[in-house]
1. Can you list the DSSP H helices in the chain whose Cα atoms extend at least 20 Å along the helix axis and whose mean Kyte-Doolittle hydropathy is 1.0 or higher?
2. If you keep only loop residues by DSSP, which trypsin sites (Lys or Arg not before Pro) in region 144-197 have at most 16 other Cβ atoms within 10 Å of their Cβ?
3. Within region 50-143, which chymotrypsin sites (Phe, Trp or Tyr not before Pro) sit in a loop by DSSP and count at most 13 neighbouring Cβ atoms inside 10 Å?
4. Find the lysine pairs in the chain meeting two conditions, Cα atoms under 27 Å apart and a separation of 8 or more places or different chains, and report how many there are.
5. So for the chain, Kirkwood radius off the Cα pairs, Stokes-Einstein at 10 °C and 1.306 mPa s: how many µm² s⁻¹?
6. Order of Arg286, Arg277 from fewest to most other C-beta atoms within 10 Å?
7. With +1 on each Lys and Arg Cβ and -1 on each Asp and Glu Cβ, how big is the dipole of region 159-258 about its Cα centre, in debye rounded to the nearest 20?
8. Over region 202-275, what per residue volume does the convex hull of the Cα atoms give, in whole Å³?
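Readers should treat all values here as calculations from the given coordinates under stated rules, not as data from a laboratory. Source: prediction; values computed, not measured. As a convention, Cβ positions derive from the backbone with ideal geometry for all residues, glycine included, and neighbour counts pool all protein chains shown.
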Amino acid sequence: MVQPAASPPHRAPASPEREPSTRGTEGMTSSYTALAATIRATGLMDRRYGYYWSLIVACVASFAFLLALAVWLGDSWWQLVLAALLGPLLTQFGFLGHDAAHRQIFVSAAWNEWTARVLSGVFAGLSYGWWRGKHNRHHARPNQEGSDPDIASGVLTFTADVAAGRRTPVRGWFVSHQGWLFFPLLTLEGINLTWAGIQHLTTQKDVPHRSTELTLIALRLSVYVVALLVLLSPVKALAFFLVQMAVFGLCLGASFAPNHKGMPIVPRTMKLDFLHRQVLMSRNVRGNVLVDELMGGLNYQIEHHLFPSMPRPSLRHAQPIVRRHCVSHGVPYTEVGLWTSYAIVVDYLNHVGLQARGPFDCPLAGQLGR
């Protein structure tokens with residue numbers, strides 16, 4: 001069954017036809033409509049049940065295999081190898097939760113929602129209810145100050161305005177070196193995401209199925225800790241937990257970081273049409289089938305933002321269509337290699353607030369208005 005090409009994830013922002021357009025870009029809305037029609041005609045929005053069921057079964061089977069291997073190894077330091085392998089596997093469950101939340105897997109909204117809730121909560125320990133709201137705000141206005149929670153003020157500084165307020169000697173040093181600290185800090189991201197989800201579920205009463213999510217995550221964490229203490233000595237159990245969470249956070253962060261960091265920052269009051277908003281603030285990462293799987297398809301970030309409900313394996317087939325469309329309409333389409341993307345992220349973070357250029361620095365800045 002073909003899904004509407006512009007259909008957004010659960011509670012996503014309004015369709016591009018409803019987006020306020022910037023002066024001089026009225027034609028870009030119809031341009032996106034034409035692109036969406038082309039994508040629909042190719043069948044790339046069709047559900048890919050075989051791919052997703054195979055991936056889900058493979059991930060669950062791999063999880064069961066690692067669990068059996070852990071029982072067989074017993075109280076051994078070799079368990080840390082399994083901990084390192086478990087990190088990337090749990091990342092795959094996170095990607096599956098992401099895809100289901102965007103309604104990429106099933107036609108049914110309920111099936112997608114519960115798949116995301118169970119896979120994220122039971123295996124990855126993440127809250128679907130917390131992540132969904134945060135991620136939908138990001139998709140609505142990527143890299144826009146005051147709107148995108150992914151560039152909000154936190155440990156790291158992503159915008160010049162925030163950097164300007166961090167000029168004490170210690171904080172200033174941290175801001176000017178945060179690019180080099182970025183990847184080491186990602187080792188804490190697994191713990192951060194788990195805690196953020198639990199905190200959201202315990203403080204926000206209006207989260208759908210809040211009690212179910214809390215139960216799933218609490219039960220998962222309890223069983224995890226008890227299993228480690230039964231199999232391993234306390235020191236080895238702690239080491240296993242820290243290695244697994246560090247690798248998990250690093251894998252997740254390394255997949256999400258190249259997509260928008262170092263791309264233009266949009267001022268709070270600037271209005272853009274849907275096509276420009278999603279393409280100009282996103283970056284694709286070149287690679288191969290292995291890169292596609294390791295990054296969960298997020299290396300096709302432009303296509304994902306334009307068509308968030310497109311199944312993951314269809315994104316690479318949509319890429320040449322989207323690229324040709326952008327080139328023909330004069331919309332810059334950014335794609336770099338994986339290591340280049342990481343270098344861009346590090347350089348950008350080290351120089352946040354030190355750049356002389358404006359926040360929305362791209363060839364269309366003058367045309368679109370500031």
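1. Membrane-span-like by this criterion, though nothing is claimed about a membrane: 49-73, 79-101, 210-231, 234-256.
2. Arg167
3. Trp77, Trp78
4. Lysine pairs meeting the criterion: 4.
5. Details: Rh = 21.6 Å.
Translational diffusion coefficient: 73 µm²/s.
6. The fewest-first ordering by Cβ neighbours comes to Arg286, Arg277.
7. Magnitude of the dipole: close to 180 debye.
8. 190 Å³
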